[in-house]
Structures are given as structure tokens and as C-alpha cells.
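Notes to accompany the following structure.
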Amino acid sequence: MILQDLARIAQTGRRNAGHSASSVFQQSYTCRTMQSWMWLAGGLILLVVELATPSGFFVMFFGLGALTVGVLTLLGVIGQPWLQWLIFTIASLIFLAVFRGRLQTRVEQPRIDVDSLVGELAVPRERIAPGDVGRVELRGTLWNARNTATESIEVGQRCHVTGVDAGLLVFVQPEPDADTRYKGIK
């Protein structure tokens, strides 16, 4: 690209004796610099948009494509606008195809299969009357639980999870042996 600029300067310098070759080069360099700064600014804006919105790692790759075109334009590797847009599109799609899946698997948190809680042992932290909601300890964390049995569940009485509601409410019933108490609860 720089060689093309120098060749154009030489030709323009011969045709326009009133204009110096350096002013033509300066105009070409200034235009290329302005284009590169626009690509770089656009790329940074797209990266900020990715951070500000929950887009699922999509906009970021177009920002990386714009940054790539900005750097290549600044270095003089590409100059024509149609080529800049073509490289932007190709680079963005390559970034998207290569890195999006990897980034999502690395960042996504594993989901707990709440249906696997059915049959687990839960220990009430408070007395739960039949049909009422109370707090139970399940797998080391406190959950809201509804007593689906016909009798009350006492504090520390072992019970089993019989179902899970979508709102993270577990349904519990006491163990058949009602005298069984969990010794860790006071």
C-alpha cells in the first residue's frame, strides 16, 4: 500500500507542478489515518456495548473485527473502503466461529439439575405445619420447602424431597420413622 502511495505521488507530482509530492502523500496518509481511527473507535464502542449488554458474546467479535481492520488500515496494508468492509466481515465471522463457543463454555456456570434433588435428605430449620412453607437445609444450603404431608415436620426431623417447583421451592415429607432426628440441628 505504501508503494502504491509513493507511485501515485510520483505520477501526481509530474502532472501537478504546483502541488508538491509531499502534500499529496500527506493527504493520502491523513485519509488513511482518519479511516483507521474510525475503525478503531468503532471497535472499542462495540466492545463496550458487549460489556454493557447481555448479548451472549456476540457483539464483541464484530468489535474485534473492526479493531483488526483499524490496525491493518493504520499500517497501510489495506486502503480501499470495499476491502476494509470485506476484511471486517471475514475477520468478524472468523473470530465469531473460532472463539465464541470456547468463551461461552469457559464463562457459563454449570446448571444444577433441580430434579435430581428428588429423594434427597433435607433437615428442617423450623417447624413446618402441613401445607405451610418453611426453611430446610439441603445439600449444605437453605431452601424454601412446603410440607406436603398431613402431619407437621419438627425442627431437625429428617425428611425427603418429593418434588421441586420451578420457583426453587422443594416439597418435603417426613421420613416414615418420625422419631429420627438429625443430631446436628438444635
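Which count do you get for residues in segment 142-161 that are part of a strand (DSSP E or B) and either acidic (Asp, Glu) or surrounded by 15 or more Cβ atoms within 10 Å (Cβ to Cβ) (or both)?
Selection size over segment 142-161: 9.
Tell me which residues, restricted to segment 62-108, are modelled with pLDDT of 90 or more, loosely packed, with under 13 Cβ neighbours inside 10 Å and within 20 Å of the chain's Cα centre (by Cα).
ALA97, VAL98
Those residues that are in contact with a Gly (Cβ under 8 Å, 6 or more places away or on another chain) and surrounded by fewer than 18 Cβ atoms within 10 Å (Cβ to Cβ), I need them from segment 49-61; list them, please.
The initial filter retains those residues of segment 49-61 that are in contact with a Gly (Cβ under 8 Å, 6 or more places away or on another chain), namely 49-50.
Hit for segment 49-61 is VAL49, nothing else.
The values are calculated or read from the model by the stated rules, or taken from the named source; none is laboratory data. All values derive from a computational prediction rather than experimental measurement. Using ideal geometry, Cβ is built from the backbone for each residue, glycine included, and neighbour counts are taken over all protein chains shown.
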